[in-house]
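Input: a single structure, listed below in structure tokens.
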Amino acid sequence: MPILTIDGRQIDAPQGSTVIQAAERLGVFIPRYCYHPGLSIAGNCRICLVEVEKNPKLQIACNAPVTDGMVVHTKSANAEDGRRAVLEFLLANHPLDCPVCDQSGECDLQNFYMNFGLYDPRFREQKVKKKKAVAIGPHVMLDQERCILCSRCVRFTDEISKTGEFGIFNRGDRAELALYPGQRLDNPYSGNVVDICPVGALTDRDFRFKARVWYLSSAPTVCNRCAQGCNVDVHYVLDRPHLNEGARVLRLKPRYNADVNQWWMCDEGRYGFRWIDEGRLTKVRNRGVDSTWEQAVAAIAAELARLQQHKTGSRLAVIASSQLTNEELFLIREIFQGVLGAHVTASVPTPPGYEEDDFLIKADKTPNTLGATLLGLSGPGAPDATAIIDEALQGRIEALWVFGHDLATLIGEEKLQELSRTLRLLVFSGTNETSTASRSHWVLPTAAYVERDGTFVNCHGRIQRIGLAFPPVPDSREDWSLLLEIARQLDHPLAWRTPQEIFQGLAETVAPFAGLSYQTIGSQGALLGSTSIGFPPQEADRCDSQRGERERAVTGGGANGDPWGPRIKQ
């Protein structure tokens with residue numbers, strides 16, 4: 001293994017790695033535009049120049065292989081002079097759009113100019129004009145004048161999405177980024193080209209002109225749109241509602257995780273966050289009339305206690321959701337199955353038509369199906385939701401609690417109305433207005449997944465924390481808090497008070513979670529002790545196979561993930 005020296009510090013670097021990768025392992029940042037650890041090396045931007053002793057010319061760090069005894073200087077006067085010259089060429093035809101550019105605040109043309117540019121410009125000619133504000137797809141806007149031809153987007157569509165929409169056409173200062181004739185950027189991963197664009201050439205049409213990035217706060221979480229569980233950062237505003245007409249969440253960005261989604265995410269997950277701020281339930285309701293949490297919990301607990309007293313828990317059913325965290329599903333199992341003897345399931349038929357691919361998109365559009373399966377609430381042995389509904393319609397179940405699901409999508413509006421008339425008690429707890437909410441006897445507004453802490457298990461058997469980004473909307477409560485209160489009302493108080501304590505109880509009870517804690521899960525997640533318990537082996541094998549193929553396809557990367565991550569105020 002070659003040993004080289006970078007800025008006076010020695011490091012062992014794997015054979016075949018490059019100077020820029022070795023520097024990242026040391027925590028030394030070398031400026032770059034075209035280099036991205038998830039893409040092939042192009043070496044065309046030239047901003048990553050470094051000085052290598054015994055070499056007469058400056059070298060580009062992204063394509064300079066390490067050799068034994070190599071001595072590299074990344075901050076020498078010669079290296080910075082070379083970068084300054086490169087930067088002057090890149091900015092020669094760049095428009096002065098910074099005040100109106102969405103990339104302002106997270107643009108490395110700006111950052112590098114302030115770090116080592118600060119030159120006296122010598123360009124006096126007329127700048128080359130190109131097309132501006134061209135909608136090239138449903139999600140992406142192109143400004144050709146801002147493009148520095150780094151080719152990241154070209155390589156992404158060639159190597160990752162494998163759709164090949166982009167190309168660089170013409171020569172010299174007339175070269176420009178564009179789509180091939182007849183093409184449109186509408187592949188399922190199109191939004192990633194905005195993430196990897198180092199300047200403001202490719203911007204997000206959805207986020208465009210909504211907020212300056214320095215107004216945003218950021219929190220790590222996990223995408224809840226399918227079983228892949230991509231790691232993401234949610235960017236939001238709380239104290240400036242005028243920025244987005246009262247909405248808190250403004251955008252989602254992928255967060256690096258080599259074992260789950262690397263640097264990428266699909267458009268379905270990226271743009272599927274509107275429900276967090278739109279159409280939310282904001283009031284407890286009893287048969288359409290506003291009520292209070294105290295009245296709701298007391299009335300529901302009294303009805304549950306009646307069933308328990310008459311030993312008719314079998315006439316109680318719960319349709320849980322794999323959108324709930326492991327902690328909440330565990331509480332449902334302990335309270336409704338363990339204490340009340342109810343029928344409990346999280347096995348809900350998936351509507352047909354969902355597609356998946358061999359990359360990130362899964363046909364299972366819930367994030368915690370495997371967690372529900374490991375807890376015995378889904379998969380083999382768990383009753384089906386439609387069977388429970390049929391039992392209720394036949395009068396064999398008199399109380400039903402639905403967590404999040406809109407039953408109208410399963411049984412239709414007419415049967416839902418009949419179900420509401422048949423049941424003695426129909427409780428709906430969820431985040432958004434649905435047909436089920438309008439037909440339920442009690443409606444309980446609960447927190448969205450970014451408004452509560454907990455864990456999901458993705459289809460690879462990796463458990464991940466979802467985190468708490470910001471507080472729930474007014475008059476809504478976390479499901480785990482509601483369930484603990486129900487347990488207290490039933491005279492079966494549980495010792496736990498926080499999601500972390502609930503998880504410890506879960507880890508002590510359910511074998512696959514044994515030995516885990518929030519600390520061991522960390523920000524990148526952890527594999528469970530057994531990923532095949534109660535889960536179709538062929539599905540687990542397929543997910544693992546796909547993950548292995550993706551990992552082998554990656555050309556390399558720094559230990560800290562993508563250094564082009566947005567500079568967001570914490």
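FYI, it's all coordinate maths here, none of it is from the lab. The structure presented is a predicted model; accordingly, all values stated were derived computationally and were not measured. Glycine also receives a Cβ, built like all others from the backbone with ideal geometry; neighbour counts cover every protein chain displayed.
Points to keep in mind about this one:
- Top positive-direction residue, dipole computed over the chain with Cβ charges, set Gln110, Pro352, Gly379: Gln110
- Enclosed volume per residue, in Å³, of the convex hull spanned by Cα atoms of segment 1-120: 116
- Separation of alpha-carbon centers, segment 478-508 and segment 342-374, rounded to whole Å: 25
- Taking every DSSP bridge with both residues inside segment 3-92, close to 80 percent are antiparallel.
- Distance from the C-alpha centroid of segment 423-468 to that of segment 239-298: 11 Å, rounded to the whole angstrom.
- Computed about the Cα centre, the dipole magnitude for the chain is approximately 1140 debye when only Lys and Arg (+1) and Asp and Glu (-1) carry charge, each at its Cβ.
- Given charges at Cβ of Lys, Arg, Asp, Glu: the chain dipole, positive-most of Phe273, Val213, Gly341: Val213
- Rounded to the nearest 5, the antiparallel percentage of DSSP beta bridges internal to the chain is 65%.
- Ellipsoid semi-axes in whole angstrom, largest first, where each is sqrt(5λ) of the Cα gyration tensor of segment 409-496: 27, 19, 14
- Simple rule: put +1 on each Lys or Arg Cβ and -1 on each Asp or Glu Cβ in segment 1-88, find the dipole, and look at Gly38, Ala79, Pro2; the Cα lying farthest toward the positive end is Gly38.
- Whichever aspartates and glutamates have a C-alpha closer than 15 Å to that of Lys75, once near sequence neighbours (fewer than 8 apart) are set aside: Asp7, Glu24, Glu51, Glu53
- For GluC sites (Glu not before Pro), the sites in segment 291-377 that DSSP calls loop and that have at most 14 other Cβ atoms within 10 Å are Glu355.
- In terms of other Cβ atoms within 10 Å, Thr409, Thr203, Thr350 run from fewest to most in the order Thr350, Thr409, Thr203.
- Debye-formula intensities of segment 94-186, expressed as log10 I(q)/I(0) at q = 0.10, 0.13, 0.15 Å⁻¹, are -0.32, -0.54, -0.71 (one equal scatterer per alpha-carbon, no solvent).
- Taking only alpha carbon atoms, segment 134-264 gives an Rg to Rh ratio of 0.99, where Rh is the Kirkwood radius.
- The chain: relative contact order as a whole-number percent, Cα under 8 Å and 6+ apart: 13
- In a reduced charge model with +1 at each Lys and Arg Cβ and -1 at each Asp and Glu Cβ, segment 3-92 shows a dipole moment near 140 debye about its Cα centre.
- Greater than 32 Å apart at Cα, pairs in Lys130/Lys253; Lys54/Lys253; Lys57/Lys129; Lys253/Lys415: Lys54/Lys253; Lys57/Lys129; Lys253/Lys415
- For segment 467-532, the square roots a ≥ b ≥ c of the C-alpha gyration tensor eigenvalues yield an a/c of 1.5 or more together with a/b not exceeding b/c, which makes the shape oblate.
- Estimated 222 nm signal from helices in the chain, with DSSP H stretches of n ≥ 4 weighted -39500 (n - 2.57), rounded to 500: -7500 deg cm²/dmol
- In order through segment 262-267: 3J(HN,Hα) via Karplus (6.51 cos²θ - 1.76 cosθ + 1.60), integer Hz, x for Gly, Pro: 6, 9, 10, 7, 8, 5
- Coil-residue trypsin sites (Lys or Arg not before Pro) of segment 303-352, DSSP, other Cβ within 10 Å capped at 14: Lys311
- Using θ = phi - 60° and Karplus 6.51 cos²θ - 1.76 cosθ + 1.60, couplings along segment 450-457 (whole Hz; Gly, Pro as x): 7, 9, 8, 9, x, 9, 10, 10
- Extent along principal axes [Cα atoms of the chain; Å; largest to smallest]: 90, 49, 41
- Centre separation in Å (Cα based) which lies between segment 130-164 and segment 191-214: 12
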